[in-house]
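Let me begin by presenting the structure, written as structure tokens, before commenting on it.
The values are calculated or read from the model by the stated rules, or taken from the named source; none is laboratory data. Model, not experiment: these values are computed from the prediction. Heads up, the Cβs are rebuilt from the backbone with ideal geometry, glycines too, and the neighbour counts pull from every protein chain shown. Keep in mind that these areas ignore ligands, DNA and RNA; they rest on the heavy atoms of the full protein, side chains included. Shrake-Rupley method; radii C 1.70, N 1.55, O 1.52, S 1.80 Å.
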Amino acid sequence: MFFDRARIWVQGGQGGDGIVAFLRQKHAPRGGPSGGNGGRGGHVVAVADESMNTLHGLRRKVHYRAGKGGRGGNTAKQGAYGADLEVQVPTGTLVRDAKDGNLMADLSDEGQRALLVRGGRGGRGNASFRSARHQAPRLAEKGEPGQERWLDLELKLVAEVGIIGVPNAGKSTLISRISAARPEIADYPFTTLVPNLGVVELAHRQRVFVDIPGLVEGAHQGTGLGIEFLRHVERTRLLVHLLDGSSDNPGGEMAMIESELASYSEALAAKPRVVVLNKRDLPQTRAAEAELKPAMDKRGLPFWSISAVTGENVQDLLWALDRQLEAIPIVEASTQPDLPEIAVSEDDRAFTVMRLGPNHWQVVGAGLERITRMTNWDLPESALRFQNILDTWGVSETLRAQGIEEGDTVRIAESELVWGFDNAF
């Protein structure tokens, strides 16, 4: 099956813990603090891979977590960085934050990379807390948890030429004639249920074509299969509008398709196109050709009449498409609009105090929550440092002003703390 949507969960690796240690050597029996910092956790990175053409693998494996950072060493050694995790996705994949739908990355080129989530910072060892006033600190930080989020992935196939038309116009027959693609071909509507990619060799150049499942009236609103696959021609540079020469009204079907394109996207409707009447091997097609060619010439649209079954005029059509592609400017990735940063910037010291009920409070703030998670509560000096941060940042004063009392519970991140004597936890 063809899968062009997936939802995955990604998490950066947790940073390594810093440690408390003191140098004890023969020449320095009273050496200073030597606890090293923990290593950064690994990042999760998406990498575009043109050998992939579906998101099927990412629907089967949903959770992705990068490596944890290493613990600090005894002689002020930095812990090892956690291993980054690369998630391979097909070229043409859009990455969106599942929470708000914001576009995070547009991976349209082979090897293009996008940072999905960052690994957590490594905790500082006691060597990093040494100062002139505090020569022998006995505190260290835990590693910071990595970022995590759900992501929605959407695949838009990367092809230069999109073949569109009503069901049974012969799109699959044409792409099987001009390339090595072997889609299912039969004499009934909606034989093609998924887009088919085909690579055509022309003058030592490869041109990628995509055959879009047949469009019917109301496709832009979900009728038939159209709305699921119209997005796959948004990236194409040129459209081949294939008309069914055996139809009673190929001109009317063309007008319907044009209306659906315009309803779906003005940009899609404005794409350069070539009108191709198929099934020239049938007698009724000649009559349709005599009527359509003058109308297309009047509109300034290139017009061809071919037979995908016998191959009549197909090679000449391909050379004409190649020449037209050469004349269409290629939009470089650098000219695309800047995408938003994946990491959301926040005021580290901003916080909000909420009363959840009698004797129960919660403090919310990105910076404060990070410090809470990195505090090693087993070390008395670490707990004292945390209390000093609450005082310095104004959290203690805010809690007192809102009426906190001794013995009340205060929740910060995943920690629940008890408000004690002298405004201390």
Between Asp378 and Arg5, what is the spin-label point distance in nm, taking each point 7 Å from the Cα along the Cα→C-beta axis? 4.7
Set Lys and Arg Cβ to +1 and Asp and Glu Cβ to -1, take the dipole of the chain about its Cα centre, and tell me which of Gln112, Val158, Pro329 lies farthest positive. Gln112
Under 14 Å Cα to Cα from Lys171, which aspartates and glutamates show up? Leave out anything in the same chain fewer than 8 places away. Glu184, Asp187, Asp211, Asp244
Label-point separation in nm, Ala270 to Arg400, each point 7 Å along Cα→Cβ: 6.3
Residues whose modelled amide H sits under 5 Å from the amide H of Val117, counting only those 5 or more places away in sequence or on another chain, are Val44
In deg cm²/dmol, rounded to the nearest 500, the helical mean residue ellipticity at 222 nm of the chain, built from -39500 (n - 2.57) for every DSSP H run of length 4 or more, is -6500 deg cm²/dmol
In degrees, nearest 10, the alpha-carbon axis of helix 314-327 is tilted away from the dominant principal axis of the alpha carbons of the chain by 50
Accessible area expressed per residue, the chain, with surrounding protein chains retained (probe 1.4 Å, Å²): 50
Return the carbon/sulfur percentage of the accessible area of the chain, one whole number, probe 1.4 Å, all protein chains in place. 49
How high is the relative contact order of segment 355-425? Use alpha-carbon pairs under 8 Å, at least six apart in sequence, and give a whole percent. 38
From the backbone phi of segment 231-243, what are the Karplus-calculated ³J(HN,Hα) couplings (6.51 cos²θ - 1.76 cosθ + 1.60, θ = phi - 60°) in whole Hz, Gly and Pro given as x? 5, 6, 9, 5, 8, 5, 9, 8, 10, 9, 8, 8, 9
Along the charge dipole of the chain, Cβ charges K/R +1 and D/E -1, which of Gln315, Ala46, Thr409 sits furthest on the positive end? Thr409
Have a look at the DSSP beta bridges in the chain and tell me what percent are antiparallel, nearest 5. 55
Please state the relative contact order of the chain as a whole percent: Cα pairs under 8 Å, 6+ residues apart? 13
Tell me, what is the 1.4 Å probe accessible area of Val95, in Å² to the nearest 10? 0
Using unit Cβ charges (K, R positive; D, E negative) and no other charged atoms, how large, in debye to the nearest 20, is the dipole of the chain about its Cα centre? 1960
Express in nm, to one decimal, how much length is gained between Ser263 and Gln25 on full extension, taking 0.36 nm for each residue of separation and deducting their alpha carbon distance. 77.9 nm
At 7 Å along the Cα-to-beta-carbon direction for both Ala136 and Glu326, put a label point, then send me their distance in nm to one decimal. 8.2
How many times 2.2 N^0.38 Å is the alpha carbon radius of gyration of the chain? 1.43
Starting with the highest mean, order 268-279, 358-369, 137-148 by the number of other Cβ atoms within 10 Å, averaged over the residues of each peptide. 137-148, 268-279, 358-369
What accessible surface, in Å², does a 1.4 Å probe find on Asp322, ignoring ligands, DNA and RNA and rounding to the nearest 10? 10
Cross-link partners of Lys77 among lysines (Cα-Cα below 19 Å; sequence separation of 8 or more within a chain): Lys68, Lys142
Positive minus negative residues near Ser34 (Lys, Arg vs Asp, Glu; Cβ under 11 Å): +3
I'd like the distance separating the alpha-carbon centroids of segment 97-118 and segment 345-392, in whole Å. 31
Output ordering of 295-302, 313-320, 46-53 (per-residue mean of other Cβ within 10 Å, highest first) is 46-53, 313-320, 295-302
Using a 10 angstrom cutoff on alpha carbons, build the Gaussian network for the chain and name the most mobile of Leu230, Leu356, Leu321. Leu356
